[in-house]
1. Please give the number of the condition A:T150 fails out of (1) away from chain B (no Cβ under 14 Å); (2) among the hydroxyl-bearing types (S, T, Y); (3) surrounded by 21 or more Cβ atoms within 10 Å (Cβ to Cβ).
2. All but one of (1) surrounded by 17 or more Cβ atoms within 10 Å (Cβ to Cβ); (2) assigned to a strand (DSSP E or B) hold for C:S351; state the number of the condition that does not hold.
3. Determine whether the stretch A:136-157 contains at least one residue that is touching a strand residue (DSSP E or B) at 6+ places or on another chain (Cβ under 9 Å) and assigned to a helix (DSSP H, G or I).
4. Limited to the stretch C:186-229, what total is found for residues that are among the small types (G, A, S) and within 14 Å of chain A (Cβ to nearest Cβ)?
5. Which of (1) assigned to a helix (DSSP H, G or I); (2) in contact with a Phe, Trp or Tyr (Cβ under 8 Å, 6 or more places away or on another chain) does C:I50 not meet, given it meets every other one?
6. Given the condition at the interface with chain C (Cβ under 7 Å from one of its Cβ atoms), touching a residue at least 12 places away in the same chain (Cβ under 8 Å) and not polar (S, T, N, Q), answer yes or no: does some residue in the stretch B:60-69 qualify?
7. So C:I390 fits all but one of (1) out of contact with any Pro (no Cβ under 6 Å at 6 or more places or on another chain); (2) within 8 Å of chain B (Cβ to nearest Cβ); what number is the exception?
8. Within the stretch C:91-135, count every residue that is in contact with a helix residue (DSSP H, G or I) (Cβ under 9 Å, 6 or more places away or on another chain), assigned to a strand (DSSP E or B) and not hydroxyl-bearing (S, T, Y).
Amino acid sequence: MMEWETVIGLEIHAQLATQSKIFSGASTAYGAEPNTQACAIDLGMPGVLPVLNREAARMAVIFGLAIGADVARRSVFARKNYFYPDLPKGYQISQYELPVVQKGQLTIDLEDGSSKVIGITRAHLEEDAGKSLHEDFHELSGIDLNRAGTPLLEIVSEPDLRSAKEAVAYMKKLHQMVVYLGICDGNMQEGSFRCDANVSVRRTGDPKFGTRAEIKNLNSFRFVERAIEFEIERQIDLIEAGGKVVQETRLYDPDQGETRSMRGKEEANDYRYFPDPDLLPLVLDDEFIAAARASLPELPDVKKQRFVEQYGLSSYDAGVLTASRELGDYYEATVAALGGEPKLCANWVMGDLAAFLNKENRDIAQSPVGAAQLAGLLRRIQDQTISGKIAKEVFEALWAGEGDADAIIEKRGLKQITDTSAIEKVIDAVIAANPEQLAQYRAGKDKLFGFFVGQVMKLSKGKANPQQVNDLLAEKLKG
Amino acid sequence: MSLGPAEVAKIAHLARLAIREQDAPAYARNLSAILDLVAQMNAVDTTGVAPMAHPLDMAQRPRADEVTEANQREHFQAIAPRVEAGLYLVPKVIE
Amino acid sequence: MNLPSPTAMHDQTIARLGAGLAAGEFSSEELTRVFLARIEQFNPGLNAFITVTAESALAQARAADERRRRGEAGPLTGVPIAHKDIFCTDGVRTSCGSRMLDRFIAPYNATVVENLAAAGVVMLGKTNMDEFAMGSSNETSFYGPVRNPWDLDAVPGGSSGGSAAAVAARLTPGATGTDTGGSIRQPAALCGITGIKPTYGRVSRWGMIAYASSLDQGGPMARTAEDCALLLGAMAGFDRRDSTCVDRPVPDYVALLDRPLHGLKIGLPREYFGEGLDGEVARVVEAAITEYRKLGAEMVEISLPNSQLAIPAYYVIAPAECSSNLARFDGVRYGHRCENPKDLLDLYTRSRAEGFGAEVTRRILVGTFVLSAGYYDAYYLKAQQIRRLISDDFRRAFDQVDVIAGPTSPTVAFNLGEKVDDPITMYLSDIYTIAVNLAGLPGLSLPVGFVGQRPVGLQLIGNYFAEDQLLNVAHRYQQVTDWHQRSPVAFA
């Protein structure tokens, strides 16, 4: 059997999180009634003119700086000409020869623990198209232009990816990055982060790339992986059967789990790009770029490394806690409020808190338990007011909104018993009630120690300090 | 540069213009004549001359990110050839 | 100042009508009725208007009179004008001379329309034009050709032919026009009126239906330079809705009209007086130059060596931009839609073929071709390089001279139908005007005489943003000549 190598490049469209569109003052809010957010400019009315949204340019620059790219001091908007009903002007305003972001890179982590640098050829600003709706209109399609003119950053990678898994790792890393930077909401269901994949295969060692197919409609990480895997297999099967891969656009069908040729739409595209005469070159001065740089947040990789060093966390834990900016902020706020104990905080944020969030499908920003509240609870573990076990009960109450940790402990009488004489009283009662087990224990059945601990905890409703219980019980059982 | 009716048909398709077969030769003649006129440009060597896309040497003046446009759907769709439920209708788009 | 008598109101300049309104000699409503009556009487023979907005004109006139009573009137308040049908007018059909937009009621106002309305002008209607401003004779209009008031067998020029004919025939004292390759100056010349194409970016293009975005510029057309100064002062100015509009104060053009011309250096490009220029037109232009010498100007022979390349470069750049600008007319959101399209492709190709006339179709095809794969560098990029050379020619010339003068058009108005089937010959009638658009400079045409009964125009080209100087130079000439006061006998 012949060995094959896969070559993948991704084109990712990230919707920029501006209030208004890239060339008009219409709102970009998602989910409005059809065509209620399509103004005269978005509709391509005769005589209208585009004016660039400064914030879209700023976001593109921030992205460029974050991936260590060259930010072009002068970039040019061009028209990409083609006819389609969701494209009102008959051209898309994009950047062609001179994009705003050129030559950057992103490091991805692979499953074997190694990392790989993926080149980013370019990232350019462009406008989104509208949507065609095919349901409900007999033999007709309905056109909604609310999305037309929404700012997009198209991020084009080098053909550096060698497997579907790498492609997904890259896409996830990029997703994390744009969300971190606050330039994209990352909502894939709403189409805020979309992916097209260029996939080809070649025989291992062949210096030439094979003919590539472009796969569209990849709007989830899972689809990207499945579609690429399907496509790799299709191309290999095709070549091994003596066929040839044709350069074409293919659509991923998630229901069938396959890619299909879109020949109908493809016929001889000739986009006739030329500089948009309505838009002068975008010239960015030092001041603009410096301001963008100053607004850059700490990037995920840097934050992760800092968590390892500053908090003594494992690389894995640091990765989990820096998965999003909000989670990292929450964690750090918890540590700060508690005044230390980074490991305890990490365990709780990644443990109980994460579990509750998952169960209710919330993200950290929607947590009913704030960082200060959580720290309040952890403080009582730390000072032994409550045990770790009782803390779980307190946490549930916190989540349910019953007030802060101290009030809950007080109200429910959950304060840990640390008074030796009180614990001794309980132990005495347990021993008195279980003469048979006592005898067996003293006869050498050490395993029964756990039974006594359990009984003591049960009788104390879990409030007895476990360490003290252990010590006192060992003493008393000796007799 | 001389264009024939077949080339005119190809260009017309790119431009989404239906041209009747009987009109194609005339368009081909006109277009060829225009391209001959335009070919006078080749008399001048322009090596190293920077292309001029705009008459004024100015930069883009971006606007602030503010929502300034209110919904005017009824107003805009009053002049639309065919709408239903707020959508513009076209023959089925095949994807 | 002689105030006009009510019977001759139509024969007065905007400046004098403004004075008459200010003096209470007549109301805007009376004035508006005079012009509406003239339109009713003469437009059927001229076809200068596509749409007459009589009712709203009278309402605007009454509002202007009211404004005057409140003491809030400016020099243009209550003065009737007409808009070229390329400017979007909210609630009024804006056809652009095309079947494509025959039923297009614009949903908003162009900035030019808004600015003039704010100055208090009254809109009489929308003037005829070559379809989408593509033409030099007004014969490509879906609404039929406009006739030249000086000779009904002649074309009025184009594309702003309706505006030029309407002003020349005294159906309106002033009008707006647009100029992509000469579309204000050439019809102004052929109809014996004054028109100025400002520097690119001086007047907002918002709401002006685009033909070739990097060349299009709106401007005024009227009888005199003084009237053009009044109108341009109201039209021009920064507009945040047009990224290519220049943020620069608008001078008081009227206040700058009277500066003497002593020592003014006028450049005469030898390329504008050579082969191709009609001998009789040359004689009239030379007489005008003699007049300028008398006014104290100094003539300097200059060269614009790449002049002959202006038309070739223009017929790449303008069609390229137009092929893209006109892609939006697809029968989906507005404009003409074919009956019973059988599929999407049919909707596009038939709606567009039915909506556009032959000249527009030609230019879209040329533009599509020159941008297409494999041809872009040889045509579009080359044309942009030529554009730079032409622009550099002017820069060098303006190191030597203050303004450049020459014929506006190589011939007087030609006959209707004479060139309509020969696009190339038609294109050559813009040979002296096109380079100005490529460079983005301001240009003005003023009437300087006749060949037979057909007018001749002198073109003045100024440096960037030197509109005040062009108007000044034209005004001084009009102080000592009366060509601009001549009116066609049939429309006296």
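The values are calculated or read from the model by the stated rules, or taken from the named source; none is laboratory data. Computed from a predicted model, the values in this text were never measured in an experiment. With ideal geometry, Cβ positions are generated from the backbone for all residues, glycine too; neighbour counts draw on all protein chains shown. Surface accessibility is based on the protein's heavy atoms, side chains included, excluding ligands, DNA and RNA. Shrake-Rupley method; radii C 1.70, N 1.55, O 1.52, S 1.80 Å.
1. (1)
2. Single failed check for C:S351: (2).
3. no
4. The total comes to 8.
5. Of the numbered conditions (1) assigned to a helix (DSSP H, G or I); (2) in contact with a Phe, Trp or Tyr (Cβ under 8 Å, 6 or more places away or on another chain), the odd one out for C:I50 is (1).
6. No: the stretch B:60-69 contains no residue that is at the interface with chain C (Cβ under 7 Å from one of its Cβ atoms), touching a residue at least 12 places away in the same chain (Cβ under 8 Å) and not polar (S, T, N, Q).
7. (2)
8. Residues in the stretch C:91-135 being in contact with a helix residue (DSSP H, G or I) (Cβ under 9 Å, 6 or more places away or on another chain), assigned to a strand (DSSP E or B) and not hydroxyl-bearing (S, T, Y): 7 in total.
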